[in-house]
Ligand code: RAM
């Protein structure tokens, strides 16, 4: 046969084949929902994947997983660890590993193939996971450090010099793999042969170290590949281990002085192994260039004290001390499964202004959290200081009184060797402006970058509409949320607080999940909350309880169940409910036994509708916002909702027997609530907006009274408030959805579109580039007045996605989706995308005159119900006959289609 012709034929065949394969492909393989699962300590991990296809109506019918001990074996389909065989199942998420017992430190390779309604896929690209240290005894080293202060440490000021540790060793044979496992308390940077390992910053993630400590796993194979002499160096900063304030021992929890446990496990190609581990042959010093560090106050760095080559072999360490064995922190060792922090974005200054006193003020044009990295050239010994602030005083100087006593200042002293580049390691600040003092020469924009630091999670959603204010609010929200993810959701990044307050995220976490893939972060946080629970059941207001506030209210601790519920509904992972149900149950009884009156009223509350807006911004002028107005109405309404959720989750968690009790409890509380708080005039409590919103949203209102209460809500907003909200942290969480569910999305839209006080738009009109803590953030006293605080977002982001874009989970994890955008006068188009666990869901609609065009994407292995704005099927001019679309019914001005996965383009003409 003519060779040329044969080759041509093969090429055509291949082409055909690849078209066939492209109908169903696999992507985004995840082990435990992690993209890069290094060092996981889960004995039976769960495997998930996403199906991609160019065809509509793709449903998985079966899967086949292979797990092998090496990539070579996996490539050969030699599944020596687990071959699941073909499993008939539609489940593409959380498939429990069921192969051989997984061993600490081993790396496992896997791939999957799926069978679908549109044919089978080829094998996926291989993925892997690396096991962590499953057992305490797997840790071979000992904790080292210096349990004492050194000259220069400022114990009272809670600032320490960084501790440096080093160890030399040599590798004797060819290295096949090398993995470092470490816990550097409070924060570490790891170096091998002069190179920083990994791009994580402010690691490891903060926890209550007496309860659990997160270790990091880093692949250092490349660094150790070359045989010969090597050196490991570790720098330790304070982090949350040596608390940022030490004076209030009754309130602020501190854990001790910096310490380290590390091991590097080396596997040689001949199968032999070696371990480098911390012991007292390591050397250490507290006399390095980082003279002082802590999170609130900043870092002081003297480059003249740098020790050249300290983490390379051959360094003269004779001035260093022998490392000392120290007490272990006490908590269990757990692999860090939430993403570590990284520099996620960099910003350039938009302006640099010279001040009359010779200082410069840099404006980054955006409030964010992180630090400034800069270049500087000048004489040895010159000190440059950077002071951070969120805004400026009217006279153009930094406004810093709202930072309280956080010094928020970095100081760098030059070594005088050409261009020096520096950024701090163990601090971050919340800021937009930086005052530069002592900078030699004229600072140029190109020498400064603002580094936004938050957890390395994916952006999950995008949102764009015809309303530019809504778009701007979305951007402000994005910056605020990102700025406050620090391995836990903190309240604010700038003042001397930065605490993971539970109440700020009760519903906010749900809205955030549409913008960020925050699943791992929130799972970790729920663990933090559970770890903080007292033996008797009490749950604090801050967790990890770095600040000890066990004030026994309902609203802040309720976050444990609200967020668990959110994670289950958004991701479909029911383990999060199972894990947290017992803790909530215990706490519910604790609260009931102590604080429920015999009539069924929950009497205890701490914060009321926290930070509700003063009647006018002027009224709030100069006033401290930290006033508490405890409300039994709020506490009781929440408790009712919690009891209902618990009844709902009792069966799922294997506690079906609890159902009756919770249902009865809920009924009793409902009766008591209505008896006590309902006024026959048709309102609740003091007729505040929040007083009425909660009963409606939670379903406490008797059916006969509902219309009147809803009317009351609308009249408060429309008449009394002239189209504005009057809710604080509590009420704002249910505001937009209550109005929308009551048939008044237009009113919700009116609130969201306001630019006058109080509104999100008002914040923006007054210069906010994130979200303020207070509705009157421009007039209130600085004591508690952060300009980057997400709690006032309430349910706004949920409303953007579920009601404006119309993307809502109808079954856990978006296995079933409700696509139902609200059509509101004045809003002409919305385009939003959301990366669900099954893949991208998209809704993009435009209204022009009587025409409504709507493009929808539904990911494979899910289905949706789309509610088109039409009263009759005949008004659907395009899309009705698409493959995968099926007309179901017409109801309430909507024509409903069932959609299988795929792309749809509908056009409706009224
Ligand atoms: C403030 C915090 C937080 C809030 C508590 C009650 O200090 O900033 O936002 O939850 O008080």
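Here are some notes:
- Verdict on residue 831 being surrounded by 15 or more Cβ atoms within 10 Å (Cβ to Cβ) and within 21 Å of residue 57 (Cβ to Cβ): no
- Filter result (closer than 30 Å to residue 291 by Cα and assigned to a strand (DSSP E or B)) within segment 130-179: 144, 145, 154, 159, 160, 163, 164, 165, 166, 167, 168, 169
- Set 236, 182, 218: member being farther than 27 Å from residue 106 by Cα, assigned to a strand (DSSP E or B) and assigned by TED's automatic domain parsing to the domain that holds residue 281: 236
- Residue 638 fulfils the conditions (1) within 27 Å of the chain's Cα centre (by Cα); (2) in a helix (DSSP H, G or I); (3) away from the ligand (no atom under 16 Å from the Cβ) except for a single criterion, (3).
- Unmet requirement for residue 765, which otherwise passes all of (1) surrounded by fewer than 23 Cβ atoms within 10 Å (Cβ to Cβ); (2) within 16 Å of the ligand (Cβ to nearest atom): (2)
- Qualifying residue in segment 744-751 (condition: away from the ligand (no atom under 16 Å from the Cβ) and outside any helix (DSSP H, G or I)): yes
- Identity of the residue in segment 598-616, without any contact (Cβ under 8 Å) to a residue 60 or more places away in the chain and away from the ligand (no atom under 16 Å from the Cβ), that ends up surrounded by the most Cβ atoms within 10 Å (Cβ to Cβ): 603
- Residue match in segment 623-633 (condition: surrounded by 20 or more Cβ atoms within 10 Å (Cβ to Cβ), within 16 Å of the ligand (Cβ to nearest atom) and at negative phi): yes
- Annotation: residue 540 fulfils all but one of (1) within 14 Å of the ligand (Cβ to nearest atom); (2) closer than 25 Å to residue 581 by Cβ; (3) part of a helix (DSSP H, G or I); the unmet one is (3).
- Residue count for segment 401-415 under the criterion of being out of contact with any helix residue (DSSP H, G or I) (no Cβ under 9 Å at 6 or more places or on another chain) and either surrounded by 16 or more Cβ atoms within 10 Å (Cβ to Cβ) or on the phi > 0 side of the Ramachandran plot (or both): the result is 6.
- Condition check for residue 711: away from the ligand (no atom under 16 Å from the Cβ), surrounded by fewer than 19 Cβ atoms within 10 Å (Cβ to Cβ) and at pLDDT 95 or above: yes
- Flag for residue 387 being on the phi > 0 side of the Ramachandran plot and touching a residue at least 40 places away in the same chain (Cβ under 8 Å): no
- Residue 171 being in contact with a helix residue (DSSP H, G or I) (Cβ under 9 Å, 6 or more places away or on another chain) and within 21 Å of residue 429 (Cα to Cα): no
- Close pairs (8 angstrom Cβ cut-off, 6 or more residues apart or separate chains): within 16 Å of residue 474 (Cα to Cα) in segment 492-513, within 11 Å of the ligand (Cβ to nearest atom) and in a loop (DSSP other than H, G, I, E, B) anywhere: 508/790; 512/790
- One residue alone among 888, 858 is assigned by TED's automatic domain parsing to the domain that holds residue 828, on the phi < 0 side of the Ramachandran plot and surrounded by fewer than 20 Cβ atoms within 10 Å (Cβ to Cβ), and that residue is 888.
- Each residue in segment 786-814 was checked for being within 16 Å of the ligand (Cβ to nearest atom) and not in a helix (DSSP H, G or I), and 6 of them qualify.
- Filter pass, residue 777 being assigned by TED's automatic domain parsing to the domain that holds residue 569 and either surrounded by 24 or more Cβ atoms within 10 Å (Cβ to Cβ) or away from the ligand (no atom under 16 Å from the Cβ) (or both): yes
- Elements of type strands (runs of 3 or more DSSP E) in segment 300-380, at least 3 residues being in contact with a strand residue (DSSP E or B) (Cβ under 8 Å, 6 or more places away or on another chain) and more than 30 Å from residue 440 (Cβ to Cβ): 332-335, 341-347
The values are calculated or read from the model by the stated rules, or taken from the named source; none is laboratory data. Just so it is clear, the structure is predicted and the values come from calculations on it, not from any experiment. Cβ: placed from backbone, ideal geometry, glycine included. Neighbour counts: every protein chain shown.
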